[in-house]
Amino acid sequence: DDLKLEDLRKLFLLSGGHPYLLKIASSEINFQSIERFFSNFKTGDQSEFEKYILSKVISDISEDERKVIQYALMLDVPFQLDIEDYIEGISFISTLKSLQEKFIIEKLNNNSFVIADFLKPTLVNIYREETSNEYIYNVIDYLKYKNNASVVELFSLVKLLLKAKLYSSANNEFSDLISELMREGHFNLTASLINQLLDFDYVVKSWSVPLYILGRVYRMQQEYEKALEIYNEGIIIASDSFLYSNFLFEKA
């Protein structure tokens with residue numbers, strides 16, 4: 001309430017109007033004068049302001065908070081409170097509340113939580129080397145046994161299975177997912193997910209079901225050259241599969 005219009009203009013220019021940076025700055029200003037806050041910045045450059053905000057947010061992360069952050073970063077999708085069952089040795093609710101108060105974790109309208117987008121690249125760089133296999137297997141179990149998992153969550157599960165080199169499980173989960181999407185008529189979404197996964201890991205090119213479904217989507221959309229290219233690839237990899245004759249039929 002005590003800020004002058006010129007202070008607001010200066011704050012807006014420093015932050016570039018970024019809502020996350022403005023939120024952190026407003027929190028900082030509650031504990032010091034606006035003059036003292038601005039004295040932290042020598043150049044008035046936005047990058048200097050961003051570095052200052054980042055240093056404030058991540059300077060006092062506790063061990064329990066670090067663990068929750070690592071799980072959240074590994075998921076890369078919104079998580080819900082039931083992830084508590086897969087994070088051992090911490091007081092989950094109080095840790096989550098602390099992370100929210102520090103603006104590291106943000107709540108979504110559907111009782112889900114996410115890492116603030118602005119912080120993600122920095123946190124990934126900090127914790128990339130620290131994440132153990134225990135984390136990835138716990139996150140896989142969290143997604144695998146989740147009630148009413150969304151398409152985004154199931155797709156995230158497949159990518160984590162690939163990351164863990166559990167190729168057979170990843171193949172089965174992805175085949176089930178895209179087969180269900182095809183039955184429901186979500187053809188464009190199915191093609192998009194398959195292409196994303198083909199770019200994510202080269203091993204997907206050896207899976208016959210996704211190639212068969214992608215070829216069918218292209219054929220239905222009258223993208224015949226794309227369909228033929230996919231069918232030719234499928235015929236090569238499916239020589240000993242039940243889909244071999246299907247690929248030949250679709251190509252014909």
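Numbers at a glance
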quantity: The chain: relative contact order in percent, alpha carbon pairs under 8 Å with at least 6 residues between; calculated: 11 percent
quantity: Within a Gaussian network of the chain (alpha carbon springs, distance under 10 Å), most fluctuating of R66, R219, R36; calculated: R36
quantity: Where the chain is the region considered: accessible area per residue in Å², 1.4 Å probe; calculated: 57 Å²
quantity: Built amide H within the under 5 Å cut-off of E223, gap 5+; calculated: none
quantity: Table column - 3J(HN,Hα) (Hz), the stretch 210-218, Karplus curve with 6.51, -1.76, 1.60, x for Gly and Pro; calculated: x, 5, 4, 5, 5, x, 5, 4, 4
quantity: Three-way shape label, the stretch 123-189, alpha-carbon gyration tensor, a/c 1.5; calculated: prolate
quantity: Distance from the stretch 179-213 to the stretch 39-101 (C-alpha centre basis), Å; calculated: 34 Å
quantity: Carbon and sulfur %, accessible surface of the stretch 199-238 computed with the full protein complex present, 1.4 Å; calculated: 51 percent
quantity: Given K107/K146; K102/K205; K163/K226, the pairs whose alpha carbons are separated by over 31 Å; calculated: K102/K205
quantity: Whole-number Å³ per residue for the convex hull built on Cα positions in the stretch 1-143; calculated: 123 Å³
quantity: Helix-only mean residue ellipticity at 222 nm for the chain, each DSSP H run of n ≥ 4 adding -39500 (n - 2.57), per residue, nearest 500; calculated: -20000 deg cm²/dmol
quantity: Share of Cα-Cα pairs in the chain lying beyond 34 Å, as whole percent; calculated: 38 percent
quantity: The stretch 191-247: C-alpha gyration tensor shape, a/c 1.5 cut-off, then a/b vs b/c; calculated: oblate
quantity: Selection of GluC sites (Glu not before Pro), the stretch 174-252, meeting DSSP coil and at most 16 other Cβ within 10 Å; calculated: E184, E223
quantity: Binned Cα-Cα distances of the stretch 144-252, short to long, each 10 Å bin given as a whole percent; calculated: 15, 47, 31, 6, 0
quantity: Extension reserve of the F242-K107 stretch, reckoned as 0.36 nm per residue once the Cα distance is removed; calculated: 44.0 nm
quantity: Cleavage-rule hits (GluC sites (Glu not before Pro)) in the stretch 49-92: DSSP loop, at most 14 neighbouring Cβ within 10 angstrom; calculated: E88
quantity: Charged-residue dipole, Cβ positions (Lys, Arg, Asp, Glu), the chain about Cα centre, Debye nearest 20; calculated: 380 debye
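The values are calculated or read from the model by the stated rules, or taken from the named source; none is laboratory data. Quantities reported herein were computed from a predicted structural model and do not represent experimental measurements. Ideal geometry is used to build each Cβ from the backbone, glycine not excepted, and the neighbour counts take in all protein chains shown. Surface accessibility is based on the protein's heavy atoms, side chains included, excluding ligands, DNA and RNA. Shrake-Rupley method; radii C 1.70, N 1.55, O 1.52, S 1.80 Å.
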